[in-house]
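Student: Mind having a look at this structure? Questions to follow.
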Amino acid sequence: MRVLKRIPVFNFDCTYGHGVSNYTKALLKGKKTGDTHHFHLSYQDGWYDGQYGFVNDKAQARLARIRLDYMETDAICEIPNSQGTHGIFPSRHTLKDVYCNSEFATPIDNNGLTADDMDAYVALHTCIDARKMTPKWQVAVNGNLDLCATDYEGKYSMGTCYNSEKGATLPEMMGNDRDWLAVFNIAAIEKAVAAGKGFTIGTSKVPVLDGRVDGNPYVLYIPIPNNPHGVNVDPTGRYAICSGKLSPTCSVVDLQKIDAAFAGTIQPRDTVVAEPEVGLGPLHTAFDGRGNAYTSLFLDSAVVKWSIAKAVAGENPILDKLDIHYQIGHINASNSETRRADGKWLISLNKFSKDRFLSVGPMHPENEQLVDISGEKMRVAHDSAAHPEPHDAVIASPEPFKPKKRWDRADRKFDFERKLAAKHGVELETTNQVIREGNKVTVFMTSVAPNYGLNEVRVKKGDEVTIVQTNVDEVDDLSHGFCLSHYDINVGVAPFETVSVTFTADKVGVFWYYCPWFCHALHLEMRGRFIVS
Ligand code: K7E
Ligand code: CUA
Ligand code: CA
């Protein structure tokens, strides 16, 4: 439960220069806030392939990709026509797509003229190409879409809906006894998109299919009681478990019956093969690979362990209950979202800690608990304060992940800087030089503890300055960086990394730049003068 690294995604972070360097500024496009909820890893054959992580931004409808070879954000995709991008899930059979649910329906032409026509509101299920990180297609649905899951074969993606009522207020959204699970038929959608069916919305060129009409081939609506939330597919790939939130039930959907329901030979509701009462406020479900499900119970402040087979057989499936502190949201277990769920550990991500820790003011820390699930009874092994709010987590075995200890100098991340160096006929790894072209100044600079390659940079007021720093220290773990006093610039530069930052020299005087990562006994002496005349 120790924190090894916090990876900045939609926020600013000067430790790594995220939002400051040219590379990360281009990712964020000037946006400063986000709201991450769900993190998932990329797959091959139902097991982690070690390539990428994906995380959503609910606030501004974005999907970010984390490259796991360096464990940093390398792409951010803006999702068109959407608000409240909430549930996401990647394909589990291979690195192909990431499916994203919009929780907020908005008027289809969101031009301010149709705000009061609730029938004109749509929510979208968006497919993002996981390699290119661009949108491929969208499907308009009835109601809204909340959490997301995929099967293990690449046939279906799915999303829960809690607002079948199309309400705009809380009482309106709780009107129906049942909302639904929407299951998307990926082959049917891809076929229709390839055939040029579908329409576009506004300025977006992404094809949109209409999944709102009855009997459409793209979306199956399975009635689920009442304001369902989580949907999780078990490690066998057969069952999708939806949690009721306002109903004390989990609905077990048999994915082997989906094709028959699409074909109309059975009713959508016939795919629900069990609906056990598990406790109050069920939200999310994890698995141990031994046929058991572990569902978080928000209102009960508990985890319930239950047998899927017993539920399907109509027997009482409840095996154990564990109190947690307090009000659990997400839950996950080791390798639970893969074919290799190992039933060792479970994490409970709790929304409240109440009085469990020393007071730090009105906004309390939250609480995460690690639970040993290897035996018949669950047992809390550890708990610790967490930075608010611990939302979602994956527990994965370390084997698939092989992050590098230093940057590969040929990495695509340095394309911009390499082109800049080629243009000026210099090498990033050896050059310490100030090059002027009109009012554009490019500063190539290396760093080796405890020295920059340049101890002085002279420019004129109004110059557009690009600092290009390459860390050529031969020692592992030796990071430097570039912090320029009073210029709002602070970036870290990892071993064998090149980082550039562009700004206008708009203040005259002497401004010290210095190394912000402690690197040497003479780290404080690692500095130089930026002189603006
Ligand atoms: Cu359950 Cu954002 Cu994951 Cu909250 S959603 S718990
Ligand atoms: Cu280089 Cu501190
Ligand atoms: Ca509802």
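Student: Which ones in region 162-182 are buried (at least 24 other Cβ atoms within 10 Å of the Cβ) and not aliphatic (A, V, I, L, M)?
Tutor: Correct list: Tyr162, Asn163, Asp179, Trp180.
Student: Turning to a different aspect of this structure: Considering only residues that are part of a loop (DSSP other than H, G, I, E, B), within 20 Å of Gly17 (Cβ to Cβ) and not aromatic (Phe, Trp, Tyr), which ones fall in region 48-75?
Tutor: Listed by number, the residues that qualify are Leu68, Asp69, Met71.
Student: Something else about it: Answer yes if at least one residue in region 147-156 is away from ligand 1 (no atom under 16 Å from the Cβ) and among the aliphatic types (A, V, I, L, M), and no otherwise.
Tutor: no
Student: OK, next. Restricting attention to region 127-145, and to residues there that are under 20 Å from Ile258 (Cα atoms) and outside any strand (DSSP E or B), which single residue is modelled with the lowest pLDDT?
Tutor: So, considering only residues that are under 20 Å from Ile258 (Cα atoms) and outside any strand (DSSP E or B), the one modelled with the lowest pLDDT is Asn142.
Student: Out of curiosity, is Ser353 within 16 Å of ligand 1 (Cβ to nearest atom), crowded, with 16+ Cβ neighbours inside 10 Å and either outside the structural domain of Thr94 (by TED's automatic domain parsing) or among the basic types (Lys, Arg) (or both)?
Tutor: In short, yes.
Student: Kindly indicate whether any position in region 457-466 is within 13 Å of ligand 2 (Cβ to nearest atom), acidic (Asp, Glu), part of a loop (DSSP other than H, G, I, E, B) and on the phi < 0 side of the Ramachandran plot.
Tutor: Among the residues of region 457-466, not one is within 13 Å of ligand 2 (Cβ to nearest atom), acidic (Asp, Glu), part of a loop (DSSP other than H, G, I, E, B) and on the phi < 0 side of the Ramachandran plot, which makes the answer no.
Student: If you don't mind, another one. For a quick check of your reading: which strands (runs of 3 or more DSSP E) sit entirely within region 216-307 and have at least 3 residues that are among the hydrophobic types (A, V, I, L, M, F, W, C) and under 27 Å from Gly343 (Cβ atoms)?
Tutor: Strands (runs of 3 or more DSSP E) meeting the threshold: 239-243, 250-254, 272-274, 282-287, 302-307.
Student: Does region 138-153 include one or more residues that are buried (at least 18 other Cβ atoms within 10 Å of the Cβ), β-branched (Val, Ile, Thr) and within 16 Å of ligand 3 (Cβ to nearest atom)?
Tutor: yes
Student: Separate question: Scan region 157-183 for residues that are more than 15 Å from ligand 1 (Cβ to nearest atom) and among the aromatic types (Phe, Trp, Tyr) and jot them down.
Tutor: Trp180
Student: Tell me which residues, restricted to region 451-476, are touching a residue at least 60 places away in the same chain (Cβ under 8 Å) and either in contact with a Pro (Cβ under 8 Å, 6 or more places away or on another chain) or closer than 14 Å to Thr15 by Cα (or both).
Tutor: Once the filter is applied, which keeps residues that are touching a residue at least 60 places away in the same chain (Cβ under 8 Å) and either in contact with a Pro (Cβ under 8 Å, 6 or more places away or on another chain) or closer than 14 Å to Thr15 by Cα (or both), region 451-476 yields only Asp476.
Student: When residues of region 492-533 are filtered for being assigned to a strand (DSSP E or B) and within 12 Å of ligand 2 (Cβ to nearest atom), how many remain?
Tutor: The total comes to 6.
The values are calculated or read from the model by the stated rules, or taken from the named source; none is laboratory data. Note that the structure is predicted; figures quoted are calculated from it, not measured. In this analysis, Cβ positions are derived from the backbone assuming ideal geometry, glycine residues included, and neighbour counts consider all displayed protein chains.
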